[in-house]
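K.L.:
I have a structure I would like to understand better, so I am pasting it below and will then ask my questions one at a time.
Computed from the coordinates by the stated procedures, all read-outs in this text should not be read as laboratory data. Quantities reported herein were computed from a predicted structural model and do not represent experimental measurements. For neighbour counting, all protein chains shown are included, and Cβ atoms are generated from backbone atoms with ideal geometry for every residue, glycine included.
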Amino acid sequence: MTASPIFLLQAPQLPENLGAVARAMGNFGLKELRVIAPQCDVLDPKALATSAGAEFILETAKIYETLEQATHDIHWLYGTCAVQRHLIKEYVPIRAAANLIAAQTQSGQVGILFGPERTGLINEHLARCHSIIQVPVNPEFSSMNLAQASVIIAYELSSYVSTATPTMVYGETCPAPQAQLQAFLNFLEAKLDAINYWRVPGKKPLMKQNLENVFTRLQPTEQDLRSLWGMINLLSKSPRS
């Protein structure tokens, strides 16, 4: 199985940027666009005009309300960020990322997540990503427009045609899609709630984010999650007398 990377836009605000992203995708052979909670009409006349011939990408774009819905079938999710955040994450230079992605698309779906123009991706979104792509820029002026970032990343992805197979051998399983991972995290949260794991309610959001970050960094397979699910379910039951 070989699939082109999917571009995902989190809450884009300007129709011109939507059109520019579609144009960049069309330039470099990328076709699937997913838009999460858009703040403007994906088919706004300004977006269609800016796409300059890549209107079909906007017309076939899939719209989602949440990141979880948009990434339900994604096996590897990369975030984009200009500066390093206070998260334990792997920051991958763009050309190294392109090489990895070329191999990963041989066995699963790869998504590239871009943040809104005003803020970029927040830590809550980056915690759901396996790695973060970095474009080397001047550290004294690191801000990059959404359209510019999409052009650079689309270009680098198109420059790498990999004939190598992934080094990971999955056997009869495969990387867990986001929907299965989210279901497991929901199950785990419920079990932890039941034993008052969080202790201080106000700390739960950050503790939960850190826990999610652990599992996205590990990149579990479907079999991994089934095994963990079974073990946790059994451990949570009362011991037999």
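K.L.:
Please report the projected area of segment 6-158's Cα convex hull averaged over all directions, in nm². It would help to have the intermediate numbers written out before the result.
P.N.:
Values: hull surface 33.0 nm².
Computing the convex hull of the Cα atoms and averaging its projections yields 8.2 nm².
K.L.:
5 Å is the cut-off here: which amide hydrogens, built 1.01 Å from N in the peptide plane, fall below it relative to CYS129, excluding neighbours closer than 5 in sequence?
P.N.:
none
K.L.:
So what J values fall out for segment 99-104 if you push phi through Karplus, 6.51 cos²θ - 1.76 cosθ + 1.60 with θ = phi - 60°, rounded to Hz, Gly and Pro as x?
P.N.:
Karplus values, whole Hz, x for Gly and Pro: 5, 4, 5, 4, 6, 5.
K.L.:
Another question, then. Give the order of MET231, MET144 when sorted by the count of other beta carbons within 10 angstrom, beginning with the fewest. List each step's numbers first, then the result.
P.N.:
Details: MET231 10, MET144 15.
Arranged by neighbour count, lowest to highest, MET231, MET144 become MET231, MET144.
K.L.:
Through the Karplus equation 6.51 cos²θ - 1.76 cosθ + 1.60, θ set to phi - 60°, convert the phi angles of segment 59-76 into ³J(HN,Hα) values in whole Hz; use x for Gly and Pro.
P.N.:
5, 9, 4, 9, 9, 10, 8, 9, 5, 4, 5, 6, 10, 4, 10, 7, 8, 10
K.L.:
Restricting to the chain, compute how many DSSP beta bridges are antiparallel as a %, nearest 5. Please list the in-between numbers first.
P.N.:
Details: 1 of 23 bridges.
Restricted to the chain, the bridges split so that about 5 percent are antiparallel.
K.L.:
Rounded to the nearest 0.05, what FRET efficiency do GLN39 and MET207 have when you use their Cβ-Cβ distance and R0 = 35 Å?
P.N.:
Using R0 = 35 Å, I get an efficiency of 0.70.
K.L.:
Any chance you could run the full-extension gain for PHE56 through ASN233? It's 0.36 nm times the residue separation minus the Cα-Cα distance, nm to one decimal. The partial results should precede the final answer.
P.N.:
Values: separation 177, 0.36 × 177 = 63.72 nm, distance 4.65 nm.
Contour length minus Cα-Cα distance gives 59.1 nm.
K.L.:
Could you state the angle between the C-alpha long axis of helix 15-27 and the longest principal axis of the C-alpha atoms of the chain, as a value from 0 to 90 degrees rounded to the nearest 10?
P.N.:
90
K.L.:
Longest span of the chain, sites excluded, free of GluC sites (Glu not before Pro) in DSSP loop with at most 10 other C-beta atoms within 10 Å?
P.N.:
Numbers: sites that count: GLU65, GLU140, GLU172.
So the longest stretch without any such site is 66-139.
K.L.:
Can I ask one more? Tabulate in residue order the Karplus-calculated ³J(HN,Hα) for segment 202-217, using 6.51 cos²θ - 1.76 cosθ + 1.60 with θ = phi - 60°, rounded to whole Hz; enter x for Gly and Pro.
P.N.:
Here the 3J(HN,Hα) series is x, 8, 4, x, 6, 5, 5, 4, 5, 5, 4, 4, 4, 6, 5, 5 Hz.
K.L.:
While we're here: Give me, ordered by chain and number, the residues 5 or more places off ILE6 or on other chains with an amide H under 5 Å from its own placed amide H.
P.N.:
Amide H neighbours of ILE6, under 5 Å, 5+ apart: VAL110, GLY111, ILE112.
K.L.:
I would also like to ask the following. In what order do PHE114, PHE56, PHE215 fall by count of nearby beta-carbon atoms within 10 Å, going from fewest to most?
P.N.:
Values: PHE114 25, PHE56 12, PHE215 19.
Ascending Cβ contact count within 10 Å gives the list PHE56, PHE215, PHE114.
K.L.:
Could you give the size of the charge dipole of the chain about its Cα centre, using +1 on the Cβ of each K and R and -1 on the Cβ of each D and E, expressed in debye and rounded to the nearest 20? Working shown, then result.
P.N.:
Values: 19 positive and 20 negative charges, 171 e Å.
Roughly 820 debye for the chain.
K.L.:
Does anyone have the angle between helix 222-235 and the longest principal axis of the chain? Alpha-carbon axes, 0 to 90°, nearest 10?
P.N.:
30
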